[in-house]
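To start, the structure itself, in structure tokens.
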Amino acid sequence: MNELRAKRAKEIIEEVIYITLATVSKEGNPWNSPVYTAYDNDYNFYWISSPDSEHSKNIEFNHKVFAVIYSPNAKEGTGEGVYMQGKAEVVNDEDKITFALKIFYARKNKETKSAKDFIGISPRRVYKFTPERLWVNDDIKINGHHVDTRNEVKLN
């Protein structure tokens with residue numbers, strides 16, 4: 001069963017291009033942000049954002065992030081999602097930025113930009129989210145009632 005759940009999680013990750021990041025501010029306020037992402041073979045997710053964006057400032061303060069990938073086209077009662085807990089960070093190493101940009105722009109079928117466009121005084125940075133735990137949702141019945149549950153899976 002875990003293999004089927006892991007397979008479905010991989011399909012959802014491949015199909016949906018936005019993940020929703022949940023971060024927390026210094027004051028303890030929650031913040032959700034949908035971001036366009038691409039991912040590598042280890043299911044690390046990369047996106048481009050301004051360091052002045054609320055989620056970027058929150059990540060600078062607290063690297064703990066919860067992310068959700070959920071199909072926006074699912075009909076009521078049929079939605080499947082991938083839920084991930086992990087750490088996010090700004091990518092500062094030029095070689096790692098280049099690696100991330102290749103993945104990011106390949107997913108968009110666009111020409112890769114230079115890493116130099118994301119360092120120094122540039123208004124944008126490359127970010128990386130590394131999941132530490134991952135779940136998919138499932139639907140079970142308890143006393144005749146549908147209950148949404150989460151099942152932890154391993155992708156690698």
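The values are calculated or read from the model by the stated rules, or taken from the named source; none is laboratory data. Predicted model, so just to flag it, every value in this text is computed and none were measured. All Cβ positions, glycine included, derive from the backbone under ideal geometry; neighbour counts span all protein chains shown. These accessible areas exclude ligands, DNA and RNA; they are computed on the full protein's heavy atoms, side chains included. Shrake-Rupley method; radii C 1.70, N 1.55, O 1.52, S 1.80 Å.
Quick notes on this one:
- Flag if residue 122 is more than 21 Å from residue 40 (Cβ to Cβ) and of a type outside the set (Lys, Arg): yes
- Residue within the range 95-106 that is among the small types (Gly, Ala, Ser), modelled with pLDDT of 95 or more and in a helix (DSSP H, G or I) present: yes
- Residue 149 being open to solvent by 30 Å² or more (accessible area, probe 1.4 Å), out of contact with any Leu (no Cβ under 7 Å at 6 or more places or on another chain) and farther than 19 Å from residue 65 by Cβ: yes
- A Cβ distance below 6 Å, combined with a sequence gap of six or more or placement on separate chains, defines the contacts here; from the range 36-65, residues that are within 21 Å of residue 99 (Cα to Cα) and at pLDDT 95 or above reach residues that are among the polar types (S, T, N, Q) and surrounded by fewer than 19 Cβ atoms within 10 Å (Cβ to Cβ) in the pairs 44/130.
- Within the range 54-72, being part of a loop (DSSP other than H, G, I, E, B) and open to solvent by 80 Å² or more (accessible area, probe 1.4 Å) holds for 63, 72.
- Answer residue from the range 2-24, given it is in contact (Cβ under 8 Å) with a residue 60 or more places away in the chain and open to solvent by 60 Å² or more (accessible area, probe 1.4 Å) and is farthest from residue 44 (Cα to Cα) among those: 2
- Of the criteria (1) touching a Ser or Thr at 6+ places or on another chain (Cβ under 9 Å); (2) more than 16 Å from residue 51 (Cα to Cα); (3) in contact (Cβ under 8 Å) with a residue 24 or more places away in the chain, which one residue 130 fails: (1)
- Residue-level check: of (1) in contact with a helix residue (DSSP H, G or I) (Cβ under 8 Å, 6 or more places away or on another chain); (2) among the basic types (Lys, Arg); (3) part of a loop (DSSP other than H, G, I, E, B), residue 75 misses just (1).
- For the range 121-143, residues that are in a loop (DSSP other than H, G, I, E, B) and open to solvent by less than 60 Å² (accessible area, probe 1.4 Å) total 1.
- Across the range 133-156, the qualifying residues are those that are free of Cβ contacts under 8 Å to residues at least 40 places away in the same chain and touching a strand residue (DSSP E or B) at 6+ places or on another chain (Cβ under 9 Å), and the one among them that is nearest to residue 50 (Cα to Cα) is 152.
- Just one of the listed residues (108, 116) is of a type outside the set (Gly, Ala, Ser), exposed (fewer than 15 other Cβ atoms within 10 Å of the Cβ) and over 23 Å from residue 11 (Cβ atoms), and it is 116.
- Given (1) within 29 Å of residue 28 (Cα to Cα); (2) open to solvent by 10 Å² or more (accessible area, probe 1.4 Å), number of the condition residue 81 does not satisfy: (2)
- Scope the range 95-141; condition within 24 Å of residue 23 (Cβ to Cβ) and among the small types (Gly, Ala, Ser); matching residues: 100, 122
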